[in-house]
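Worksheet for the structure shown next.
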Amino acid sequence: MKQVIILLIGISMCLTGLAQTDSTARAPGTKDSTVTESDTIRVGGMIIIKKRRNYDDDNNNEAKTYHRNTKSSRVKTNWGIVDLGFANYNDQTDYKSSAVQSPADGFAPGLGKDQFKLRPGKSVNVNIWAFMQKLNIAKGIVNLKYGLGVELNNYHYKEPILYRTSPTQVVLDNSRNYTKNKLAADYVTIPVMLNFNFTPHRKHGYGFSVGASAGYLYSSRQKTITNTDGKQKEHDDFDLKPWKLSYIAELGLGPVKIYASYAAVSMFDKGLDQRPYNFGLRLSNF
């Protein structure tokens, strides 16, 4: 996790260094074609040219003010966006197949939907986006929105289910008392959305965005706290899919932004058909 955050900070610093700076502008209507830096005063979007008159008896200074019309950039960048929300999944596993053996029998023998239920208040999703950019396509009303960041998902189980490895198998462990039992799955993710902003001249507009995201699983682990073994942490992929493709959406209500995502397929490579979804608040400047 630390290495990923350091990498994202490095990318952000490189992109910041490539940002263009304004060059010194010439003032229209001056007698001289060149204005030195000492003769120019900038106040926001206004340039003040201070020029000495060429009269023998007059030592007074004349100040001329010109307004500079600047065209807004087509690309806007927002750094360090944070999402705070809840994590869950739509369990479509066929635990009672009419076949001789259901897909879950070898992976989670004897378990069903009740054993995989989550604690809604504790199952959380936190996303940290290094940056998001918005590219103006049509008058600021239609935009292309994209970014780069990490998704952190924590699934807290109600029941004492335990993941075993080599091979991966999920069992019900009633031999110990669990005070904490969660599966964590973290992804490096690139979201791409089509944004519709109905109030393009507002800093915090009203509109919505829809699109998709692709995430790569870089860390997964089960963390448990029991009465006998205390705190334990097992790092493994637990047969989770290395890639996660999700439908994503964002609703902008002025300064309040709501995000949501839903995975197109199961997050497990075999055995279970559990499709994760997230929703919550997005802390963003646009």
### Query
Do the conditions hold for N90, that is, is it closer than 22 Å to I258 by Cβ, modelled with pLDDT of 70 or more, surrounded by fewer than 16 Cβ atoms within 10 Å (Cβ to Cβ) and touching a strand residue (DSSP E or B) at 6+ places or on another chain (Cβ under 6 Å)?
yes
### Query
List pairs: first in the stretch 74-87 and on the phi > 0 side of the Ramachandran plot, second of a type in the set (A, V, I, L, M), Cβ under 8 Å, 6+ apart or cross-chain?
G80/I128; G80/A130
### Message
Is it the case, given these coordinates, that K145 is crowded, with 18+ Cβ neighbours inside 10 Å and closer than 29 Å to G271 by Cα?
### Response
no
#### Entry: Conditions (1) closer than 30 Å to F208 by Cα; (2) modelled with pLDDT of 95 or more: number failed by L162
(1)
### Query
Does G140 fit the bill of being in contact with a Pro (Cβ under 8 Å, 6 or more places away or on another chain) and either open to solvent by less than 60 Å² (accessible area, probe 1.4 Å) or modelled with pLDDT under 90 (or both)?
yes
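Rundown of residues vs (1) within 19 Å of E250 (Cα to Cα); (2) small (G, A, S); (3) touching a Phe, Trp or Tyr at 6+ places or on another chain (Cβ under 6 Å), yes/no style:
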position: K158; (1), (2), (3): no, no, no
position: T168; (1), (2), (3): no, no, yes
position: T179; (1), (2), (3): no, no, no
position: M193; (1), (2), (3): yes, no, no
position: R202; (1), (2), (3): yes, no, no
position: Y206; (1), (2), (3): yes, no, yes
position: G215; (1), (2), (3): yes, yes, yes
position: Y218; (1), (2), (3): no, no, no
position: E234; (1), (2), (3): no, no, no
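The values are calculated or read from the model by the stated rules, or taken from the named source; none is laboratory data. These numbers were taken from a predicted model, which means no experiment stands behind them. With ideal geometry, Cβ positions are generated from the backbone for all residues, glycine too; neighbour counts draw on all protein chains shown. Ligands, DNA and RNA are excluded from the accessible area calculation, which covers all protein heavy atoms including side chains. Shrake-Rupley method; radii C 1.70, N 1.55, O 1.52, S 1.80 Å.
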